[in-house]
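Report on one structure; see the data block that follows.
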Amino acid sequence: MEQKWPQEIWLVRHGQSAGNVARDLAEAAAGHRIDIADRDVDVPLSELGEQQSEALGAWFAALPPHQRPNVVLHSPYVRAAETANILMQRLERDELLCVLADERLREKEFGVLDRLTTHGIAHHFPDLYEQRHHVGKFYFRPPGGESWCDVILRLRSVMDTLERDFCGERVLIVAHQVTVNCFRYLFEHLDEAKILEFDRAGDVPNCSVTSYEFDPNQSKRGDLALRLVNFVAPLEATGTPVTVAKDLPTSPKA
């Protein structure tokens with residue numbers, strides 16, 4: 001039997017960003033807009049996000065060398081790229097087989113709803129607010145933006161890349177909350193109801209790890225077996241896990 005998958009895949013959501021902090025403040029104040037000047041693609045990590053990334057990097061570095069990632073794929077968004085760079089400092093970047101920024105791993109696009117809180121959507125776009133609740137987040141596509149199905153469509157081509165270019169390798173993917181959830185939908189062969197059940201249970205924590213290992217005994221050709229779900233490494237300074245996980249720094253909850 002010929003293996004078609006990487007040996008291991010780690011899905012990591014970026015560390016807390018400055019946009020996460022701004023969104024929390026806006027939602028707590030029942031504001032309409034998130035106060036941040038940068039484009040969503042340019043939003044950097046917060047100080048806590050850097051600490052989270054350092055802690056996760058230490059966790060990866062503590063793995064035996066033959067069990068650490070040797071391929072790193074990341075979203076080109078600044079917060080994801082910064083997270084990946086901090087992790088790679090602990091992984092000895094020069095020894096990595098491949099490091100690639102891939103635009104297919106970018107955040108879900110929100111179109112006209114970008115930078116609006118839930119209160120802001122209800123106030124400025126009441127018809128879209130009603131439609132969003134009626135259709136559900138899996139299929140709802142805001143004008144100029146994407147649905148979860150749109151994200152899944154672009155990630156299907158990433159899966160082709162994983163099979164073609166990184167079969168048998170150990171791949172770390174650093175991306176965003178919706179990206180992580182949509183990969184889970186694909187890797188675990190889920191349906192709309194199941195992935196939304198996971199989403200309702202709680203946000204994907206910043207700098208958390210969901211991982212898969214190739215299991216030759218699953219299905220006729222082998223398949224990816226789930227190993228970790230939303231694992232959060234403790235901060236090195238305090239030894240205390242931090243699970244700051246508010247969704248989507250410059251957008252409403254996806």
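The values are calculated or read from the model by the stated rules, or taken from the named source; none is laboratory data. All values reported here derive from a predicted model rather than from experimental measurement. Every residue, glycine among them, receives a Cβ derived from its backbone with ideal geometry; neighbour counts consider all protein chains shown. These accessible areas exclude ligands, DNA and RNA; they are computed on the full protein's heavy atoms, side chains included. Shrake-Rupley method; radii C 1.70, N 1.55, O 1.52, S 1.80 Å.
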TODO: Can you work out the accessible area per residue across the chain, with the rest of the protein chains kept in place, probe 1.4 Å, in square angstrom?
DONE: 45
Task: Cα-based Rg and Dmax for the chain, where Dmax is the largest Cα-Cα distance (Å) - done: 18.0, 57
Open item on the list: Suppose the chain between Asp165 and His133 were pulled fully straight at 0.36 nm per residue; how much longer would it get relative to their current alpha carbon spacing?
Closed with: 7.6 nm
Open item on the list: Which order do the peptides 223-234, 58-69 come out in when sorted by mean C-beta neighbours inside 10 angstrom, highest first?
Closed with: 223-234, 58-69
- [ ] Please give the length that would be gained between Arg93 and Ala61 if that part of the chain were fully extended, namely 0.36 nm times their separation in residues minus their C-alpha to C-alpha distance (nm, one decimal).
- [x] 10.4 nm
Open item on the list: Along its three principal axes, how long is region 49-123 when you only count alpha carbons? Whole Å, largest extent first please.
Closed with: 53, 24, 17
Task: Percent breakdown of C-alpha pair distances by 5 Å bin, ordered from the shortest bin, for region 103-238 - done: 2, 8, 16, 20, 19, 14, 10, 6, 4, 1, 0
- [ ] Once you have the Cα-Cα distance between Ala193 and Lys4, take 0.36 nm times their residue separation minus that, and quote the gain in nm to one decimal.
- [x] 65.2 nm
Open item on the list: Report for the chain the percent antiparallel among DSSP-assigned beta bridges with both residues inside it, nearest 5.
Closed with: 55
TODO: With the full set of protein chains in place, find how many percent of the accessible area of the chain is carbon and sulfur; take the probe as 1.4 Å.
DONE: 50
